[in-house]
Amino acid sequence: GAVVSQHPSWVICKSGTSVKIECRSLDFQATTMFWYRQFPKQSLMLMATSNEGSKATYEQGVEKDKFLINHASLTLSTLTVTSAHPEDSSFYICSARGDGWSSYNSPLHFGNGTRLTVT
Amino acid sequence: AQSVTQPDIHITVSEGASLELRCNYSYGATPYLFWYVQSPGQGLQLLLKYFSGDTLVQGIKGFEAEFKRSQSSFNLRKPSVHWSDAAEYFCAVGAPNNFNKFYFGSGTKLNVKP
């Protein structure tokens, strides 16, 4: 089945540094990818929709300059947490819908998530 | 505003026992409803979905869910739980006017006793 690979699975960084998280669709083309954030014991919150070849669409309240999203190819989207601070520590998950999918009948494929800890 | 509530944070059942995970939603229109499962270290896997039609939906791994509009619920059930079902389960509601937008519940962690 379709696989979404997310890397790294966990990362620890110092406050003020930037961290890049990659999300790859391994066996299908993903024109649209999604980035979620999950706080402990809370829901997955959609942060942004990443569109190949165009700017990402951010949800209300998500800082575009803090969470940079790049979707440069049909198989790769990256999320960069810039100038990370301890409050950015969280679990980040990406998902992808395949090329040509345009309805709920097409499944979302999720990555395994990235645990970010900012010290 | 749309919301999804999973009132049970943790549930423990014995292997072979039946299971019901609760999900209530708040949505102004006909919702699209989903259940996902997340095993440790894994991504989210779709168990089943409801768009319309028969309110009892069958999914993978022997799971089913029933949509009850009057109760705004979409509870997940399994008649006999296996140890491999231990995982975290997420209910999600989809926005019909934006099929990319999901609202997830906070999840229910299922433990299975041998």
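The values are calculated or read from the model by the stated rules, or taken from the named source; none is laboratory data. A quick note: this is a predicted structure, and the numbers were derived from the prediction, not measured. Neighbour counts are summed over all protein chains in view; Cβ atoms, including those assigned to glycine, are modelled from backbone coordinates with ideal geometry. To get the accessible areas, we keep the full protein, side chains included, count just its heavy atoms, and leave off ligands, DNA and RNA. Shrake-Rupley method; radii C 1.70, N 1.55, O 1.52, S 1.80 Å.
A few notes on this one:
- Conditions (1) open to solvent by less than 30 Å² (accessible area, probe 1.4 Å); (2) within 14 Å of chain B (Cβ to nearest Cβ); (3) farther than 26 Å from residue B:37 by Cα: number failed by residue A:118: (2)
- Lone unmet requirement of (1) modelled with pLDDT under 95; (2) in a loop (DSSP other than H, G, I, E, B); (3) buried (at least 17 other Cβ atoms within 10 Å of the Cβ) for residue B:52: (3)
- Of the candidates A:34, A:28, the single residue that is among the aromatic types (Phe, Trp, Tyr), open to solvent by less than 90 Å² (accessible area, probe 1.4 Å) and more than 13 Å from chain B (Cβ to nearest Cβ) is A:28.
- Residues in the range A:37-53 that are facing chain B (nearest Cβ under 10 Å), of a type in the set (Ser, Thr, Tyr) and assigned to a strand (DSSP E or B): A:49 alone.
- Residue count, the range B:12-26 (criterion: within 14 Å of chain A (Cβ to nearest Cβ) and either out of contact with any Gly (no Cβ under 7 Å at 6 or more places or on another chain) or charged (D, E, K, R) (or both)): 3
- Any hit, the range B:83-98, residues being under 25 Å from residue A:41 (Cβ atoms), assigned to a strand (DSSP E or B) and out of contact with any Leu (no Cβ under 8 Å at 6 or more places or on another chain): yes
- Scope the range B:55-105; condition open to solvent by 10 Å² or more (accessible area, probe 1.4 Å) and among the β-branched types (Val, Ile, Thr); matching residues: B:55, B:57, B:60
- Selected residue [under 10 Å from the mean Cα position of the chain (by Cα) and either at pLDDT below 90 or open to solvent by 10 Å² or more (accessible area, probe 1.4 Å) (or both)] from B:20, B:15: B:20
- Scanning the range A:84-104 for residues that are modelled with pLDDT under 85, more than 8 Å from chain B (Cβ to nearest Cβ) and either within 20 Å of residue B:103 (Cβ to Cβ) or in a helix (DSSP H, G or I) (or both) turns up just one, A:101.
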